[in-house]
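Visitor: Got a structure here, written out as C-alpha cells. Questions coming.
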Amino acid sequence: MPGIRTEHATDGKLATAISNMVVQSLRHYTGRGPTRSRTYIHDQLISVVLQGTLTRAERRLVADGKSDLVLHTRKAFHGLMRADLVAGVEALTGRTVIAFLGSNSIDPDIDVESFLLAPDAHAEDSTDACV
C-alpha cells in the first residue's frame, strides 16, 4: 500500500543491535539493565522501549513517595548518556541523529529513547504522510 512501510529483513537485525547497545549503555550508567527492550524503526524515527529499568534503590525511593526525585535523576542520566547513545545509533545506522529524546515513567516502569535521523540521501522520495 502506498504510504505504508514494512520492515525490511535487515531492520530486525538493526533493531536488535540498537536494543542491545541501549541496554548496555543503561547498564553501564545505572548499574542495572532493563528486563525487556524493543526497538521500533520507521523511516527517520527509531524508538527504543525499555521495561523494568528502575534500580532497587529507585524502587525504594518510589515506595517512599519520592517519584519526582527518581524522575529528576533519570533525566540527568539521559543527559549523561546522550552522547554515547547518539554515537551508537549513528554507528549502527550509518546516519546522522538530528534529535534525541528520552523519558521515563514510574508506573509502569518504562523508559523510551527516541532518535530522529537526518533524511537518507540514498532513499527514494517518501510520500508518507504523518497523521
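Visitor: What residue, among those in segment 60-77 that are closer than 20 Å to VAL112 by Cβ and surrounded by 14 or more Cβ atoms within 10 Å (Cβ to Cβ), is modelled with the lowest pLDDT?
Guide: PHE77
Visitor: Could you check GLY12 against (1) modelled with pLDDT under 95; (2) exposed (fewer than 12 other Cβ atoms within 10 Å of the Cβ) and say which number it fails?
Guide: (2)
Visitor: Quick one: which residue in LEU92, LEU26 is modelled with pLDDT under 95, in a helix (DSSP H, G or I) and either over 17 Å from VAL112 (Cα atoms) or touching a strand residue (DSSP E or B) at 6+ places or on another chain (Cβ under 8 Å) (or both)?
Guide: Working: LEU92 fails: modelled with pLDDT under 95.
After ruling out the rest, the residue left standing is LEU26.
Visitor: Output the residue which, of all residues in segment 62-100 that are under 16 Å from MET21 (Cα atoms) and without any contact (Cβ under 8 Å) to a residue 24 or more places away in the chain, is farthest from the chain's Cα centre (by Cα).
Guide: My answer is GLY94.
Visitor: Let me ask something else. Hey, among ILE41, ILE4, which residue is within 18 Å of PHE100 (Cβ to Cβ) and either modelled with pLDDT of 95 or more or not in a helix (DSSP H, G or I) (or both)? Walk me through it before giving the result.
Guide: Numbers: ILE4 fails: within 18 Å of PHE100 (Cβ to Cβ).
So the residue among ILE41, ILE4 that is within 18 Å of PHE100 (Cβ to Cβ) and either modelled with pLDDT of 95 or more or not in a helix (DSSP H, G or I) (or both) is ILE41.
The values are calculated or read from the model by the stated rules, or taken from the named source; none is laboratory data. Being a predicted model, the structure only gives us computed values, none of them experimental. Cβ: placed from backbone, ideal geometry, glycine included. Neighbour counts: every protein chain shown.
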